[in-house]
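Report on the structure given below.
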Ligand code: NZQ
Ligand code: ZN
């Protein structure tokens, strides 16, 4: 087991009506004026925003609002949020939405106390503890940002989508009510399931040997997703299935499922470039296409690890040929994503042989900036390897 540090300061309020406690819990922690940050229209249409406004008003917490976060959130709106926080002396940022809203809120919370433009932190990875506290009302289990140390923000002007990791930006409060996820369209539910499953894959496949305590937790979460995914898709208002998935999504990315391992994260790097190239690509859908391609490309570095994963997660019976067992595990992974309704090729995401070459020319320079070269740990990859994986995914 490798050395590690693990910080998890998030106070969770989970279950029916969790969001009704937003006002009191924030007031108890000294919040006087919050930036209420949200996305397009789902939280407005469901009445969630009105309930939260009411909860804050009853607790005497003043509100400044900023909506309009798009999927794959962009730095321009973050800057507007920073400006509002400075102007109104906001002391907490409250995100109501999914990973995009939470990440935008994290960036605002980092930028608000700073003297420099917020993109500076994304560019340099400079660590700071001077960050506004963040609370989250989660509406889609997927990115795991409700407890993670990461945020990912796009900068359209630079053509980049870049991550920033800092334990001090982990949310202090997270309200998780599975009923809020009943309204998710099947595609968003499936993309979320794919993303959380991939957060486990990124941690499971690296260059460290077995870490049983971490690996068994990780495998148990993979099996939970496999079992619950068909239930939530078949019956979107199944509270227990939604609840299991919501808590699983948090556990997949808060960090415990990877402690003592190096982790890999090459495929997330490849996907973030894809979503930067075409901002209409949903993160989970991009991963569904790229992860099996990455697996095929790197498998020869340690086929036994893939065979083990296939036995544990998909119940594959060993054939005596480890290479064949590893390839079967990859096929099962692709079939699982397809069974959720996810695309399995870049063609399905709208790319052609020609536009993929344009995309590769666009993506590789920023991939090198974001990830360095070589990148990934299961099998360190060059930029040529990255291009080969994109081509395999077509
Ligand atoms: O904008 P609205 O109208 O709210 O619609 C959203 C959005 O269109 C909709 N939605 C959310 N909750 C809903 C709902 N629709 C109906 N009912 C509900 N209850 O879903 C759409 C997608 O929302 P988004 O927040 O983009 O989804 P997700 O949570 O998957 O977040 C994706 C972003 O997180 C990043 C991704 O790269 C991407 O930018 N990630 C963040 C990570 C982190 N901070 O740790 C890790 C991840 O690997 C990931 O990279
Ligand atoms: Zn992800």
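No value in this document is a laboratory result; all are computed from the given coordinates. Predicted model, so just to flag it, every value in this text is computed and none were measured. Please note: Cβ atoms are built from the backbone with ideal geometry, for glycine as well, and neighbour counts cover all protein chains shown.
The antiparallel fraction among DSSP beta bridges confined to the chain stands at about 25%.
Show me 357-368, 92-103, 322-333 ranked by packing, highest mean number of other Cβ atoms within 10 Å first.
Numbers: 357-368: 16.9, 92-103: 28.5, 322-333: 18.7.
Taking the mean over residues of other Cβ atoms within 10 Å, the ranking is 92-103, 322-333, 357-368.
Full-extension gain between residue 46 and residue 183, please, as 0.36 nm times their residue separation minus the C-alpha to C-alpha distance. List each step's numbers first, then the result.
Numbers: separation 137, 0.36 × 137 = 49.32 nm, distance 0.81 nm.
Residue separation times 0.36 nm, minus the Cα-Cα distance, leaves 48.5 nm.
Ratio of Rg to Rh for segment 200-307, alpha carbon only, Kirkwood? Walk me through the intermediate numbers first.
Values: Rg = 15.1 Å, Rh = 15.2 Å.
Reported Rg/Rh, Kirkwood definition of Rh: 0.99.
With the helix formula -39500 (n - 2.57) applied to DSSP H stretches of n ≥ 4, the chain reaches a computed 222 nm mean residue ellipticity of -16000 deg cm²/dmol. For the chain, take the longest principal axis of its alpha carbons; what is the angle in degrees between that and the long axis of helix 75-88, to the nearest 10 within 0 to 90? The angle comes out at about 30 degrees.
Placing pseudo-labels 7 Å out from each Cα toward the beta carbon at residue 7 and residue 210 gives an inter-label distance of 3.4 nm.
Result for the chain in a Gaussian network model with C-alpha springs under 10 Å: among 39, 192, 159, the largest mean-square fluctuation is at 159.
Each peptide in 162-168, 231-237 receives the mean, over its residues, of other Cβ atoms within 10 Å, and ordering these scores from highest gives 162-168, 231-237. Between 55, 154, 145, the residue with the greatest mean-square fluctuation in the GNM of the chain (Cα pairs under 10 Å linked by springs) is 55.
Per residue and in cubic angstrom, what volume does the convex hull of the Cα atoms of segment 11-181 have?
On the way: hull volume 16.3 nm³, N = 171.
In segment 11-181, the Cα convex hull volume per residue is 95 Å³.
Packing here is the average count of other Cβ atoms within 10 Å per residue, and on that basis the peptides 263-274, 291-302, 369-380, highest first, run 263-274, 291-302, 369-380.
Helix 186-204 versus the longest principal axis of the chain: what is the Cα-based angle in degrees, 0 to 90, to the nearest 10? Helix 186-204 sits at roughly 70 degrees to that axis. A full extension of the chain between residue 165 and residue 317 corresponds to an added length of 50.8 nm, given 0.36 nm per residue minus the alpha carbon distance. Normalised by 2.2 N^0.38 Å, where N counts its residues, the alpha-carbon radius of gyration of segment 186-392 equals 0.99. To the nearest ten degrees, helix 283-298 and the longest principal axis of the Cα atoms of the chain are 30 degrees apart.
Mind checking the full-extension length gain between residue 339 and residue 384? Use 0.36 nm per residue of separation minus the Cα-Cα distance, one decimal, nm. Let's see the in-between values first.
On the way: separation 45, 0.36 × 45 = 16.20 nm, distance 3.10 nm.
Gain in length upon complete extension: 13.1 nm.
Across segment 133-206, the relative contact order, built from alpha-carbon pairs under 8 Å that are at least six residues apart, equals 40 percent. Summed over all non-identical Cα pairs, the Kirkwood treatment of the chain gives a radius of 21.3 Å. Which residue fluctuates most in the GNM of the chain (Cα springs below 10 Å): 54, 65, 28? Of the options given, 28 has the highest mean-square fluctuation.
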